[in-house]
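To start, the structure under review is shown below, and the notes come after it.
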Amino acid sequence: MVAPPDNDVLWARALHFRHNDGSPGLSGVSLGVGEGEILAIGGPRGSGKTTLLQCLSGLVPVAGGEVWFNSMPVHTMRPAARERLRRERFGWIDPAPVLVPELNVWENAALPLMLRGIARRPARATALEWLERLDIGDKARKHPGDLVHAERQRVCIARALAPAPSVLFADEPTAPLHRADRRHVLRTLTTAARSHGITVLLATADADTAALADRTVSLLDGRRVRTVHLPPVPGTAETEGRAACSLSV
């Protein structure tokens, strides 16, 4: 077992994962993410983006390989230790908003803070700050059932950012939003991450979203690939566009 480079806050080597039906989810994926870096994980649906985020965050145990966070071996941690790590150091945004229906908007956004033992008043102040940044502050006393789908997702993003996690795992975070709203929300997320030194892993199949990251790692069928664009060949159907092939790296 080899310790990760000192400048990587999150590091993985030769990750392998199989789904419950036996199909491969990841096949030998390696990567490193620097502190405060925003890394886009690109690829089509089914390429392994969500699986990679789940393995890196310790949400699921890897079948093979290593995952390190700040020189701590996540891949050897017991389930309780991985859960504590996710609660105290990681944040997560799902593509579909999941909120506690009995709590109002600011209580949902403040929930991770209060679970850490932060008093109600400062937790509320922090939650309201993030809700305002995401243009949902006027809904602070409403309940999730009173919001439209896109508004609930903004609350989820505020909830993930409020505790200032060391690493934020964002799985298609703006998928429920209209295209006009996506850029504003993504810029809020990336600006906040940079100002707070939060490392972000952003899974997306959208090129415009990936362009906001510092760099992009691409997956295809559970493997890291680099896409090579080939020049069109005169006299063939490829003159209508550009051909591309994906090479494993």
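The values are calculated or read from the model by the stated rules, or taken from the named source; none is laboratory data. Treat the numbers as computed from the prediction; the structure is a model and nothing was measured. Every residue, glycine as well, gets a Cβ built from its backbone with ideal geometry; the counts of neighbours run over all protein chains shown. For accessibility, only protein heavy atoms count, side chains too; no ligands or nucleic acids. Shrake-Rupley method; radii C 1.70, N 1.55, O 1.52, S 1.80 Å.
Check off (1) crowded, with 16+ Cβ neighbours inside 10 Å; (2) touching a residue at least 60 places away in the same chain (Cβ under 8 Å); (3) under 17 Å from the mean Cα position of the chain (by Cα) for A12 and give me the number that stays unchecked.
Exception for A12: condition (2).
State whether one or more residues within the range 35-48 are out of contact with any helix residue (DSSP H, G or I) (no Cβ under 7 Å at 6 or more places or on another chain) and in a strand (DSSP E or B).
Yes: the range 35-48 contains one or more residues that are out of contact with any helix residue (DSSP H, G or I) (no Cβ under 7 Å at 6 or more places or on another chain) and in a strand (DSSP E or B).
Please go through (1) in a helix (DSSP H, G or I); (2) open to solvent by less than 40 Å² (accessible area, probe 1.4 Å) for L201 and return the number of the only condition it doesn't satisfy.
Going through (1) in a helix (DSSP H, G or I); (2) open to solvent by less than 40 Å² (accessible area, probe 1.4 Å) one by one, L201 breaks only (1).
Does the range 151-169 contain at least one residue that is more than 21 Å from the chain's Cα centre (by Cα) and of a type in the set (K, R)?
no
Considering the range 49-84 alone, what residues qualify as being part of a strand (DSSP E or B), of a type in the set (A, V, I, L, M, F, W, C) and either open to solvent by 70 Å² or more (accessible area, probe 1.4 Å) or more than 25 Å from A210 (Cβ to Cβ) (or both)?
Correct list: M72 only.
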